[in-house]
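Comments concern the structure below.
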Amino acid sequence: MVERMRRATIGIAIMAASFAAGAGGAQAATRSSAHPIRAQAATRSSANPTRAQIRRAVSHAERSSYLWATVNICKADRGHGGLLGIRGEMTALGFRSTLSMTVQLRQYDRSRARYVWVKGTTARRTVSLGSLRTGVHQDGAEFHYSSATGLLDAIVTFTWTRDGRRLGTATRTTTAGHHTAAFADPPRYSAASCRL
């Protein structure tokens, strides 16, 4: 897939693993492309922010409209599984911290009338966006299924850490309407769930 809005400093890391889930086997791949989608005003802060500055920055990031998760790829293969892509966006804090997101797949269980966690080690993927100071950044994961699986969505947990200490976390369920999601196929595709 061709990367859009790529900067020279952006790297792409693809990791693949396979697991058995639902009615058949699946493979999961993580694609990392942490890059700003929109300019974010830099906040004036020292190299060593105070506790009050950290609290304010984390609170703002947790409530930001730039904090979201979506299904950016849903390619069913006629009863033989297909490709599911999950994409998330989060903001930096205005001072250097490490941004990461954990994607956990869920599958709709009709007998319980609710989503349940997908079992398997690669149904949960943690992606590091790197040590960043400013900007709005995206990353995500792709999951390849070899057989029909049903209706899937994901919960994404966003985390900010500094010097090994967690500063804050926030979670989002995949939703539609995020047409700036990179790597969307087709372009601007954004959905809350995917049926494979």
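Values in this text are rule-based calculations from the coordinates and carry no lab data. Bear in mind that the values here come from a model prediction, so they are computed numbers and not experimental data. When we count neighbours, we look across all protein chains shown, and the Cβ atoms used for this are built from the backbone with ideal geometry, even at glycine.
Could you tell me the calculated FRET efficiency between Val116 and Arg78, based on Cβ-Cβ distance and R0 = 22 angstrom, to the nearest 0.05?
Details: r = 25 Å, r/R0 = 1.15.
E(calc), rounded to 0.05, equals 0.30.
Report the charge-dipole magnitude of the range 100-151 in Debye, nearest 20, computed about the Cα centre from +1 at each Lys and Arg Cβ and -1 at each Asp and Glu Cβ.
Charge dipole, the range 100-151, about its Cα centre: 260 debye, nearest 20.
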Karplus ³J(HN,Hα) for the range 69-84 (6.51 cos²θ - 1.76 cosθ + 1.60, θ = phi - 60°; Hz, whole; x = Gly/Pro) runs 9, 8, 8, 9, 9, 8, 10, 6, 10, 6, x, 10, x, x, 10, 10
What is the magnitude of the charge dipole of the range 106-196 about its Cα centre, with +1 placed on the Cβ of each Lys and Arg, -1 on the Cβ of each Asp and Glu, and no other charges, expressed in debye to the nearest 20?
360 debye
The ³J(HN,Hα) series, computed from each phi in the range 49-61 with the Karplus coefficients 6.51, -1.76 and 1.60 at θ = phi - 60°, rounded to the nearest Hz and given as x for glycine or proline, is x, 6, 4, 5, 5, 5, 4, 5, 5, 5, 4, 5, 5
Karplus-derived 3J(HN,Hα), 6.51/-1.76/1.60, for each residue of the range 147-157, Hz, glycine and proline x
8, 4, 10, x, 8, 10, 9, 8, 10, 10, 9
Residues whose built amide H sits under 5 Å from the amide H of Ala181, excluding neighbours closer than 5 in sequence, are none
